[in-house]
Amino acid sequence: GHIRESLPQVPELAALLNTDDSFRAEPVPDIARSLELLDVPGSALEAPALAELTIALAAMRVVAADLNRLRTTHDARRTSALRVDPPSRDLEAKLARSIAPDGSVLDSASKDLARARQHVREARKHVMDRLGAILGGLDASERAPDAAVTVRGGRYVIPIRSTARARVGGIVHDESATRATVFVEPPEIIELGNELRAAEAAEQREVLRVLRELTDLLRPHRDVIAAGWEMCIAFDDLCARARYAVEVNGFVPEIGGHLRI
């Protein structure tokens, strides 16, 4: 029964492809794991998963429009029967405003996030400026060769000669293989470093809040998104079969009685 129902779709689309080769299945990412997580109350999707969902929602919108065009312009009723209503475009727009294609959270996701990131930039600049001034105030016998502000263990430090360690003071976070150079966080930088870490933690809290909010926005639409994804896969499958039929000049076999394979 299933074979008898699905076979006629292929020649319908294949006939169209012979005259209009513009129909293409829209690439759609695998969002199965995200759909599973949307079923788990309280879960939060990661930003890369939300970026994939943005692509998937766009694909659903395009495929639904193509199937609509197949019905209205080409009277391809069997093929257009695959169409389901895509999720609201507002969901796609909200995700696109909040998540970059590379899977990072955009400043435009929330005013609090933009503000938190500004605080991080300011705190980092304070640390860098002060460390640069300290490094510039050391003489050549105290600085390591080609000394510059660097990061060790998540803390901003300066490389100095081991012999200058007692004079500069502070916390040693690393040392060179020869132990001739140590990477220190001077005493006056420790508090500035703590302020930077606090600003970074506040940024991460806001990022997580945004991810939870976006996940909660998508959760009630989980079934509609799943149906749209299945539509994309079904159309992709049908396009592949129809293109193969055109390529090999195939025809629909007659199915009679019982078929055993």
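Relative to the longest principal axis of the C-alpha atoms of the chain, give the angle of the C-alpha long axis of helix 89-98, reported between 0 and 90° and rounded to the nearest 10°.
With both axes taken from Cα atoms, the answer is about 20 degrees.
For the chain, find the longest principal axis of its Cα atoms and tell me its angle to the long axis of helix 47-72, 0 to 90°, nearest 10.
The helix 47-72 is inclined about 20 degrees to the chain.
Specify which residue in the list 14, 67, 208 is farthest towards the positive end of the charge dipole of the chain, using unit charges on the beta carbon of Lys, Arg (+1) and Asp, Glu (-1), about the Cα centre.
208
Over the alpha carbons of region 96-239, what is the largest minus smallest coordinate on each principal axis, giving the biggest first in Å?
73, 34, 18
Tell me, how many Å apart are the Cα centres for region 55-87 and for region 125-204?
Between the Cα centre of region 55-87 and that of region 125-204, the gap is 60 Å.
Averaged per residue, what accessible area in Å² does the chain show with a 1.4 Å probe, protein chains only?
On a per-residue basis, 57 Å².
Taking the alpha-carbon set of the chain, what are its Rg and Dmax in Å?
Rg then Dmax for the chain, in Å: 29.6, 95.
For residue 154, what charge total do you get from the other residues with a beta carbon under 15 Å from its beta carbon, if Lys and Arg give +1 and Asp and Glu give -1?
That works out to -1.
Hey, got the dipole for the chain? About the Cα centre, +1 on K and R Cβ, -1 on D and E Cβ, debye to the nearest 20?
Details: 35 positive and 40 negative charges, 80 e Å.
Value, rounded to 20: 380 debye.
Quick one: helix 9-19 against the long Cα principal axis of the chain, what's the angle to the nearest 10°, folded into 0 to 90?
That helix lies at roughly 80 degrees to the long axis.
Given 0.36 nm per residue, what is the gain on full extension from residue 198 to residue 102 after removing their alpha carbon distance, in nm?
That works out to 32.0 nm of additional length.
Using a probe of 1.4 angstrom, how much of the accessible area of the chain is carbon and sulfur, in percent?
Ligands and nucleic acids excluded, carbon and sulfur reach 52 percent.
Give the accessible area for residue 83 in Å² (nearest 10); use a 1.4 Å probe, count only protein heavy atoms, and leave out ligands, DNA and RNA.
The accessible area comes out at roughly 70 Å².
Exactly which trypsin sites (Lys or Arg not before Pro) in region 117-191 are in a DSSP loop and have at most 13 other Cβ atoms within 10 Å?
179
Using the Cα centre of region 154-204 as origin and beta-carbon charges of +1 (Lys, Arg) and -1 (Asp, Glu), tell me which of 168, 198, 154 is placed farthest towards the positive end of the dipole.
It is 168, whose Cα lies furthest towards the positive end.
The values are calculated or read from the model by the stated rules, or taken from the named source; none is laboratory data. Values in this document were obtained by computation on a predicted structure and should not be read as measured data. No Cβ is skipped: glycine too gets one built from the backbone with ideal geometry, and neighbour counts run over all protein chains shown. Side chains included, ligands, DNA and RNA excluded: accessible areas come from the protein's heavy atoms. Shrake-Rupley method; radii C 1.70, N 1.55, O 1.52, S 1.80 Å.
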